[in-house]
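Data block below; observations after.
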2 protein chains.
Amino acid sequence: LFEITILGSSGAIPAYGRYPSCQFIQVANKYFLIDCGEGAQMQMSRFQVPFHKIQRIFISHLHGDHVLGLMGLLFSMHLQKRSADLHLHAFKGLDEIIIAHLKYSHSALNFTIVFHTTQEGTMETIFEDDTITVETIPLYHRIACSGFLIKEKPKPRRINKNKLPPTILLQQIIALKEGRDILDDAGNIIYKNDALTLPPPPSLSYAYCSDTAFNLEIAKQIEGVNLLYHEATFMQEEKKKALETFHSTTADAAHIAIQSNAKALLIGHFSARYRDLDLVLKETQEIFPNTSLAIEGQTFKIEA
Amino acid sequence: LFEITILGSSGAIPAYGRYPSCQFIQVANKYFLIDCGEGAQMQMSRFQVPFHKIQRIFISHLHGDHVLGLMGLLFSMHLQKRSADLHLHAFKGLDEIIIAHLKYSHSALNFTIVFHTTQEGTMETIFEDDTITVETIPLYHRIACSGFLIKEKPKPRRINKNKLPPTILLQQIIALKEGRDILDDAGNIIYKNDALTLPPPPSLSYAYCSDTAFNLEIAKQIEGVNLLYHEATFMQEEKKKALETFHSTTADAAHIAIQSNAKALLIGHFSARYRDLDLVLKETQEIFPNTSLAIEGQTFKIEA
């Protein structure tokens, strides 16, 4: 399972019931949050997101609309007796803000925050386990900002049960899944791997790119991504405003999707000037048809 | 006009769509906010509260559920081009938190925050103009905490137009409103004040008491208050929990209302354990019948 649930998709000023940036990610039994705008915990409650399961929180940058929901979430986790470590990935400074809040509320959380400092302007792998990696994507914004690329690792080959000889041993099945041939004691091939196996299921990926000026450099890193979330704060007529504020337009997001050969595009971080998002979607789809709006409460399943 | 609009009435963990503490006050052409829990700006947008008009924000204490909506509100005021000074009354530490947020988001607000440090454990007048005063109410909580008492000053006597002689001078009308008699040049009384005037309209008052352990000492300060907002985090069966956490129960709130001869009681800061608030209200009304629930979006008019 690889799913993205949108909890907030507003730009800097929340408007029309939209909340600031926040996404809940479920991938291979791991639970992440990307960004944590104000009201994130209320949105989790509203959409029945199990926030006690969150293991890691990735914060793209320290503008308020991406981070002001964090303290409330931490306090609620504390009040609900969380004991598991919480890993927090962010640029330097967020640790200081958290400490100031704890100090003046005379609070000590009953769980540990493991703070991982994001490095500015460089791509790095910030999480890795048996099944996935998470990389930062350097973005251009007014302050240090990084996107995140979550990629499944190559998966084992699938055993073709119809072809499997009844005498096969468990250790031979493991070898087959790893892509090896089956050899006899003398080292001769008994079964070629591809005679008994099928290719592995594809490794899926998700890229989160917000906030950012139009930046074609990221296309190479996210090449072939299954789902690209890219901010589209403005429509094309506000291109000048987008440039001034280091944000992207609908067309910018669509062109990044094209250049990176993304399978699907999800746009968000909508300016408060757009009450109705139909035109925002339409303008993007004219360039990249397989585009969806990041609507709060909706879950996007990443599939082959 | 003297009105209280409830924007949040939840205890520490927001639940069932309830938001943390926040109230918008309109009194004699002044606009105040008391407390600013997470999501306050979204609630203002939802209930069409004109947040650009807010002149002063009073923060009772630095627990997250009373203050975490402040930075988002400040950033939105900034983005909406506020230029007027904003007066902020709070205990020491909130200034440091604000500065840390501004520093790490590389932001400089385009308006001035005038920070007024609340003194702990003492009643003081923290705002006064021609028509009202605002006093702190020392409360007992786990950290430094103060309530607020907003009182209209004595108003001018009302002219009894039916009794007014046609020859009266403007300066004599002013004297009458101030309660003085009308004298001739020799200093003899021409008109006794009460022959031409009616008593002034009553001076109204509002007390906000949250968060606090049961504390009868406040009754004297808020004697005769028109509307008392008092926290009732727990029902009576959780009295022990209330004591442990320095909170109040329904009965505690009702007894403060009785002891202070409050005209009406408004309860809030409801624990997340209560989905339905009917029993919370009923238990309070059994002791103090003129009690209402602080329901979000509702406006309570303070009248004689």
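Residue A:121 meets all of the listed conditions (1) modelled with pLDDT of 95 or more; (2) within 22 Å of the chain's Cα centre (by Cα); (3) in a loop (DSSP other than H, G, I, E, B) but one, namely (1). Scanning segment A:193-211 for residues that are open to solvent by 40 Å² or more (accessible area, probe 1.4 Å) and in contact (Cβ under 8 Å) with a residue 12 or more places away in the chain yields A:195, A:198, A:199, A:200, A:201, A:202, A:203. Could you check, for segment A:137-156, whether at least one of its residues is more than 17 Å from residue A:225 (Cβ to Cβ), part of a loop (DSSP other than H, G, I, E, B) and in contact with a helix residue (DSSP H, G or I) (Cβ under 6 Å, 6 or more places away or on another chain)? Within segment A:137-156, one or more residues are more than 17 Å from residue A:225 (Cβ to Cβ), part of a loop (DSSP other than H, G, I, E, B) and in contact with a helix residue (DSSP H, G or I) (Cβ under 6 Å, 6 or more places away or on another chain).
Determine which single condition residue A:98 fails, assuming it passes every other condition in (1) open to solvent by 20 Å² or more (accessible area, probe 1.4 Å); (2) modelled with pLDDT of 95 or more; (3) among the hydrophobic types (A, V, I, L, M, F, W, C); (4) out of contact with any Pro (no Cβ under 7 Å at 6 or more places or on another chain). Result: residue A:98 fails condition (1) only. Read through the list (1) crowded, with 17+ Cβ neighbours inside 10 Å; (2) at positive phi; (3) over 20 Å from the mean Cα position of the chain (by Cα), then give the number of the only condition that residue A:235 fails. Here residue A:235 meets the rest and fails (2).
Selection of segment B:262-293 for residues being in a helix (DSSP H, G or I) and out of contact with any helix residue (DSSP H, G or I) (no Cβ under 7 Å at 6 or more places or on another chain) yields B:278, B:279, B:281, B:282, B:285.
Given B:35, B:85, which one is open to solvent by 20 Å² or more (accessible area, probe 1.4 Å) and more than 9 Å from chain A (Cβ to nearest Cβ)? The conditions single out B:85.
Taking the listed residues B:237, B:296, B:303, B:223, the one that is touching a Lys or Arg at 6+ places or on another chain (Cβ under 7 Å) and either under 22 Å from residue A:79 (Cα atoms) or not in a strand (DSSP E or B) (or both) is B:296, with no other qualifying. You will find that of B:279, B:266, the residue that is within 15 Å of residue B:206 (Cα to Cα) and either of a type in the set (A, V, I, L, M) or crowded, with 21+ Cβ neighbours inside 10 Å (or both) is B:266 and no other. Screening segment B:41-62 for residues that are part of a helix (DSSP H, G or I) and facing another protein chain (nearest Cβ under 9 Å) and picking the one that is nearest to the chain's Cα centre (by Cα) gives B:41. Quick check on segment A:107-125. Is at least one of its residues open to solvent by 30 Å² or more (accessible area, probe 1.4 Å), of a type in the set (Phe, Trp, Tyr) and touching a strand residue (DSSP E or B) at 6+ places or on another chain (Cβ under 6 Å)? Scanning segment A:107-125, I find at least one residue that is open to solvent by 30 Å² or more (accessible area, probe 1.4 Å), of a type in the set (Phe, Trp, Tyr) and touching a strand residue (DSSP E or B) at 6+ places or on another chain (Cβ under 6 Å), so the answer is yes. Go through segment A:1-32 residue by residue and tally those that are more than 9 Å from every other protein chain (Cβ to nearest Cβ), free of Cβ contacts under 8 Å to residues at least 60 places away in the same chain and either under 18 Å from residue B:38 (Cβ atoms) or more than 17 Å from the chain's Cα centre (by Cα) (or both). Count: 2. When residues in segment B:88-129 are screened for being among the aliphatic types (A, V, I, L, M) and at the interface with chain A (Cβ under 10 Å from one of its Cβ atoms), 7 of them pass.
Every condition in (1) crowded, with 21+ Cβ neighbours inside 10 Å; (2) part of a strand (DSSP E or B) holds for residue A:190 except the one numbered (1). Restricting attention to segment A:126-155 and to residues that are open to solvent by 60 Å² or more (accessible area, probe 1.4 Å) and of a type in the set (Asp, Glu), the residue that is nearest to residue A:246 (Cα to Cα) turns out to be A:128. All of A:35, A:65, A:95 fail the test of being touching a residue at least 40 places away in the same chain (Cβ under 8 Å) and either in a helix (DSSP H, G or I) or out of contact with any Cys (no Cβ under 7 Å at 6 or more places or on another chain) (or both), apart from A:65.
Does segment A:9-19 include one or more residues that are in contact with a Leu (Cβ under 7 Å, 6 or more places away or on another chain) and surrounded by 23 or more Cβ atoms within 10 Å (Cβ to Cβ)? Looking for residues that are in contact with a Leu (Cβ under 7 Å, 6 or more places away or on another chain) and surrounded by 23 or more Cβ atoms within 10 Å (Cβ to Cβ), one finds at least one in segment A:9-19, hence yes.
The values are calculated or read from the model by the stated rules, or taken from the named source; none is laboratory data. Keep in mind it's a predicted model, so treat the numbers as computed, not measured. Reconstructed Cβ throughout: ideal geometry from the backbone, glycine too, with neighbour counts over all protein chains shown. Areas reflect the complete protein model, heavy atoms only, side chains present, ligands, DNA and RNA absent. Shrake-Rupley method; radii C 1.70, N 1.55, O 1.52, S 1.80 Å.
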